[in-house]
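Single-structure report; data block below.
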Amino acid sequence: MGQAFSAHAMCPPSEEIHRQMPGTPPEYSTTMLNQQRKHAVLVSASLVNHDETRLISDYKIALEEAFSYPELVELILQSLLFDGYPCTLEGLITLKSISPHELPADQIVEEYTTENVQDWIQRGDELCRKIYGKNFEPLLDNVESLSPTLKEWMLYEGYGRVLARSALPIDVREMGIIAILVMKNLPRQLHSHMRGALRVGVSLPELDHAINLCTKYTSSINIKSAQNVLKKIS
């Protein structure tokens, strides 16, 4: 299930995106990540790095500087789309180990009711259109050519049930997704999620900064691959 919803690469988002200066090393960037975007990167990279000691440290700093418990839980929950349920479960278990009285902290709990499913369908469609613009329909066609089931899961489960939840802004969500894709070295998916991030207000220098933040969690090969993706977008 981890990669099932990372189908962005099937069709790039619209070219009508807000561009700032091309990616440069973070120490020279004029735009740095705000605290929520920064810690979305750090926590998400740490989640898939599977180093519990470091993850605990990243959780504590994120809670001090960027997130409430419900927001941090929401960030962990979305990891199931890109690294599977085991990653999400282990992430929540680790958080509960340091804050046993704070969990559960879900801001939103949505049961599988007819009304909720209809809501997921509507908001999944709206979010996907926002990110892809004029390429929304070609995206669906391309994914359907691989698997009609995957198309339904991507749109209504991935975008609607998870990513369109109001508990965390979509720009912060995208930064977490980007971190996971850098860690897993999935350049096609990374390319599309970077473009999606640009469409929801993230700048090129911020993407560059995000890649740099991942250096302490992953190999130089993965970092170089991500930098190459960013160069193509720039």
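The values are calculated or read from the model by the stated rules, or taken from the named source; none is laboratory data. Note that this is a predicted model, so its numbers are computed, not measured. FYI the Cβ positions are ideal-geometry reconstructions off the backbone, even for glycines, and counts take in every protein chain you see.
Just one of (1) surrounded by fewer than 22 Cβ atoms within 10 Å (Cβ to Cβ); (2) touching a residue at least 24 places away in the same chain (Cβ under 8 Å); (3) of a type outside the set (Ser, Thr, Tyr) trips up residue 175, so point out which.
Failed condition: (1).
Return yes or no: is residue 112 aromatic (Phe, Trp, Tyr) and modelled with pLDDT of 95 or more?
Numbers: aromatic (Phe, Trp, Tyr): yes; modelled with pLDDT of 95 or more: no.
No, not satisfied.
Select from the range 132-159 the residues that are in a helix (DSSP H, G or I), of a type in the set (Ser, Thr, Tyr) and over 15 Å from residue 81 (Cβ atoms) and list them in ascending order. Please lay out each step first, then the result.
Kept after step one, since they are in a helix (DSSP H, G or I), are these residues of the range 132-159: 132-146, 148-159.
Subsequent filtering for residues that are of a type in the set (Ser, Thr, Tyr) retains 132, 145, 149, 156, 159.
Within the range 132-159, 132, 145, 149 qualify.
Go over the candidates 163, 81, 127 one by one and state the one that is closer than 23 Å to residue 230 by Cβ and in contact with a Phe, Trp or Tyr (Cβ under 6 Å, 6 or more places away or on another chain).
Working: 163 fails: in contact with a Phe, Trp or Tyr (Cβ under 6 Å, 6 or more places away or on another chain); 127 fails: closer than 23 Å to residue 230 by Cβ.
The match here is 81.
Condition test on residue 211, is it part of a helix (DSSP H, G or I), farther than 24 Å from residue 123 by Cα and β-branched (Val, Ile, Thr)?
On the way: part of a helix (DSSP H, G or I): yes; farther than 24 Å from residue 123 by Cα: yes; β-branched (Val, Ile, Thr): yes.
When the stated conditions are applied, residue 211 passes them.
Given the conditions (1) crowded, with 22+ Cβ neighbours inside 10 Å; (2) more than 11 Å from residue 180 (Cβ to Cβ), which single one is not true for residue 69?
So the condition that residue 69 fails would be (1).
Working only within the range 94-108, note down all residues that are more than 20 Å from the chain's Cα centre (by Cα), loosely packed, with under 12 Cβ neighbours inside 10 Å and under 22 Å from residue 165 (Cβ atoms).
Residue satisfying the conditions is 104 alone.
Please count how many residues of the range 153-172 are without any contact (Cβ under 8 Å) to a residue 60 or more places away in the chain and surrounded by fewer than 16 Cβ atoms within 10 Å (Cβ to Cβ). Working first, answer last.
Filtering the range 153-172 for residues without any contact (Cβ under 8 Å) to a residue 60 or more places away in the chain gives 155-156, 160-161, 164, 166, 170.
Cutting the leftovers down to surrounded by fewer than 16 Cβ atoms within 10 Å (Cβ to Cβ) gives us 166.
Within the range 153-172, residues that are without any contact (Cβ under 8 Å) to a residue 60 or more places away in the chain and surrounded by fewer than 16 Cβ atoms within 10 Å (Cβ to Cβ) number 1.
Looking for something exposed (fewer than 14 other Cβ atoms within 10 Å of the Cβ), without any contact (Cβ under 8 Å) to a residue 24 or more places away in the chain and not basic (Lys, Arg) - is there at least one such residue anywhere in the range 75-88? Can you show your working first?
Kept after step one, since they are exposed (fewer than 14 other Cβ atoms within 10 Å of the Cβ), are these residues of the range 75-88: 85-86.
Then drop every residue that is not without any contact (Cβ under 8 Å) to a residue 24 or more places away in the chain, which leaves 86.
Right, trim to not basic (Lys, Arg) and you get 86.
Yes: one or more hits.
Out of the residues in the range 100-131 meeting the condition of being touching a helix residue (DSSP H, G or I) at 6+ places or on another chain (Cβ under 6 Å), touching a residue at least 12 places away in the same chain (Cβ under 8 Å) and assigned to a helix (DSSP H, G or I), tell me which one is farthest from residue 56 (Cα to Cα).
Of everything passing the filter in the range 100-131, 121 is farthest from residue 56 (Cα to Cα).
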